[in-house]
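S.K.: What follows is a structure written as C-alpha cells; I'll ask about it next.
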2 protein chains.
Amino acid sequence: MLEELGLEELSLRKIAARVGVSHAAPEHHFPTLRHLLTAFAVEGFRLFAASMRSAMAQAPDDPAEQLRAAARGYLAFASTRPHLFRLMFTANRLDWDDPALGPPSNAAHAVLEEISLPVAKRLKRDTPEGRAAVEQLVWSQIHGHAHLLIDGKLAPEGDGGTGCEPFAAPLDLASVLLPD
Amino acid sequence: MLEELGLEELSLRKIAARVGVSHAAPEHHFPTLRHLLTAFAVEGFRLFAASMRSAMAQAPDDPAEQLRAAARGYLAFASTRPHLFRLMFTANRLDWDDPALGPPSNAAHAVLEEISLPVAKRLKRDTPEGRAAVEQLVWSQIHGHAHLLIDGKLAPEGDGGTGCEPFAAPLDLASVLLPD
DNA sequence: TCCTCATCTTGTCGGTGACAAGATCAAGCA
DNA sequence: TGCTTGATCTTGTCACCGACAAGATGAGGA
C-alpha cells in the first residue's frame with residue numbers, strides 16, 4: 001500500500017479498511033503512525049541489504065565489479081520501492097531510538113564499507129579517516145543517483161530508450177576510481 | 001515556517017493564523033496546498049542557484065576550484081534550508097506543469113552543466129553523451145552528499161568536531177576527476 | 001470456574017484541506 | 001455621484017485523519 005498510494009496518501013484507517021478491521025485496530029500493534037513507519041523501515045533496510053547482496057553474488061569477484069554490482073542493487077531497490085526508500089532516509093519520520101532499526105540499518109551500511117575498502121587501498125588512503133572519506137564519496141554518488149532517479153531527474157536525458165536498465169550509469173565511479 | 005515546523009507540520013491554517021487572517025484566506029492566492037508548495041519551490045530554486053553562484057564568485061577561476069565552490073554552495077543551501085531542499089526534489093508534491101517552475105529550475109541546472117564541462121574535457125568525453133554522463137556523475141555525488149548530510153548520516157562519523165563546515169568533504173570528486 | 005491479557009469495536013476529539021456562499025472594499029466608469 | 005466589477009477575506013461546512021478512551025470478546029491458564 002505504501003508503494004501503491006505513496007506516503008502522503010497512506011493512512012492507518014486505509015490500512016485497517018484493507019485488512020477488513022476497524023479503524024482503531026492497528027493502533028494496538030503500532031501505537032503511533034511513527035511506530036508503523038519505523039517497522040516499514042526495518043523491513044526496508046533488510047530488503048535493501050538483500051538487494052545489494054544479491055547483485056554482488058551474481059557479479060565476478062573483482063573489486064570494481066563488486067562496486068558496480070552493489071550500486072546496481074542499491075538503485076534497483078530504490079527504483080522498485082521509491083516510497084519505502086525515501087521513507088528509510090527521512091530522519092524525522094522514523095524513531096531511530098527503536099532498537100529494531102539499528103541492526104538492519106547497520107547491515108546495509110556494512111555493504112558500503114565492504115565495497116569501499118578496495119577503493120581506499122587503491123587510492124592509498126587505507127587509514128580510518130581515509131576509509132571514511134572514500135566511503136562517503138562512494139555512498140554519496142550512489143545515493144544521489146538513486147534520489148535523482150526516483151525523482152525523475154535522470155530519465156528525460158535519454159535518447160530513444162530501448163528500455164535499458166536505469167542503473168547502468170554511462171560513466172560510473174568504479175571506472176574512475178578503479179581503472180583497469 | 002517551513003524550516004521551523006517541517007513540511008509535515010506545516011498547514012495552510014497555521015500560515016493563515018500567523019498572518020492573522022482567516023483559515024480560508026490563503027486559498028484565494030493558492031487554490032491548493034500543492035500550488036503553495038510549488039511557489040515555495042520556485043523561490044527555492046532561485047535561492048539555490050544564487051547560493052551556488054555566490055560561492056563560485058568567491059573562488060578562483062580554476063575548474064577544480066569552481067567545481068568545489070559550486071558544491072559548497074549546493075551543500076550550504078541544503079543544510080541551511082533542509083526542508084525546502086527536500087521539497088524541491090520531491091516530485092509528487094510539486095506541480096511541474098506550472099510554468100513558473102521551469103526557469104528557476106533550469107537556472108540551477110545550468111550551474112551543474114557549467115561546472116561539469118571542464119571535467120568532461122579532462123576525461124576526454126566532450127560529446128553530448130559524454131557531457132551528460134559526467135554531469136550525472138558530478139550531480140549525483142553532490143546531491144547524495146546533500147541528502148546524507150540533511151538526514152544526519154554524515155555527522156556522526158566525526159572526530160571531536162571543531163564546528164568545521166559540513167561541506168568540506170575530506171575527499172572530493174574534484175581532486176579525483178581534476179588532479180593538478 | 002474465574003481471571004487475565006491480547007485483540008478488536010465503537011465513539012469521540014481536535015486538526016486538516018477543500019469547498020460554498022456571502023461580506024467588504026477599492027478601482028473604474030457612466 | 002452612483003453603479004458595477006473583481007479581488008480579497010470571512011464564516012460555515014464536509015470528509016478524512018491520528019489519537020485517545022471505554023468497553024466487548026474470547027482464548028489460555030490457575
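We did not get these values from a lab; they are worked out from the coordinates using the rules stated. Remember, predicted model here, so these are calculated numbers, not experimental data. A quick note on method: Cβ atoms are made from the backbone with ideal geometry, for glycine too, and the neighbour counts reach across all protein chains shown.
S.K.: Just grab the label-to-label distance for B:Ser79 and B:Arg46, each label 7 Å out from Cα along the Cβ direction, in nm (one decimal).
M.R.: 2.6 nm
S.K.: Another one. Based on the Cα coordinates of the range A:45-142, what is the per residue volume of their convex hull in Å³?
M.R.: Each residue corresponds to 100 Å³ of Cα convex hull volume.
S.K.: Could you tell me the largest-minus-smallest coordinate of the C-alpha atoms of the protein assembly as shown on each of the three principal axes, in descending order and whole angstroms?
M.R.: So the extents along the principal axes, rounded to whole Å, are 60, 51, 45.
S.K.: Local charge sum around B:Gly20 (other residues, Cβ-Cβ under 13 Å, Lys/Arg +1, Asp/Glu -1)?
M.R.: Details: positive: B:Arg13, B:Lys14, B:Arg18; negative: none.
Net local charge, B:Gly20 excluded: +3.
S.K.: Quick one: among B:Ala25, B:Ala49, B:Ala59, which has the greatest mean-square fluctuation in a GNM of chain B with alpha-carbon springs under 10 angstrom?
M.R.: Ranking B:Ala25, B:Ala49, B:Ala59 by mean-square fluctuation puts B:Ala25 first.
S.K.: What number comes out for the charge environment of B:Ser105, summing +1 per Lys or Arg and -1 per Asp or Glu over other residues with Cβ under 14 Å away? Could the numbers behind the result be given before it?
M.R.: Details: positive: A:Lys153, B:Arg46; negative: A:Asp151, B:Glu43, B:Asp95, B:Asp97, B:Asp98, B:Glu113.
Taking every Cβ under 14 Å from that of B:Ser105, the sum is -4.
S.K.: Given Cβ point charges of +1 (Lys, Arg) and -1 (Asp, Glu) and nothing else, what value in debye, to the nearest 20, does the dipole of the protein assembly as shown about its Cα centre take?
M.R.: Using only the charged Cβ atoms, the result is roughly 380 debye.
S.K.: Taking each label point as 7 Å beyond Cα in the direction of the beta carbon, state the distances from A:Leu117 to the same residue in the other copies, shortest first, in nm.
M.R.: A:Leu117 label point versus its equivalents elsewhere: 4.3 nm.
S.K.: Magnitude of the Cβ-charge dipole of the range A:1-155, K/R +1 and D/E -1, about the Cα centre, nearest 20 debye?
M.R.: 240 debye
S.K.: Count charges around B:Glu43 for me, please; just the other residues with Cβ under 14 Å from its Cβ, Lys/Arg as +1, Asp/Glu as -1. Let's see the in-between values first.
M.R.: Working: positive: B:Arg46, B:Arg81; negative: B:Glu3, B:Asp98.
Surrounding charge for B:Glu43 is 0.
S.K.: Before rounding to the nearest 500, sum -39500 (n - 2.57) across all DSSP H runs of length at least 4 in chain A and divide by the residue total; then give [θ] at 222 nm in deg cm²/dmol.
M.R.: It comes out at -20000 deg cm²/dmol, rounded to the nearest 500.
S.K.: Could I ask something else about it? Using θ = phi - 60° and the Karplus relation 6.51 cos²θ - 1.76 cosθ + 1.60, list the HN-Hα couplings for the range B:72-81 in order, rounded to whole Hz, with x at every Gly or Pro.
M.R.: 4, x, 4, 6, 5, 5, 4, 7, 7, 10
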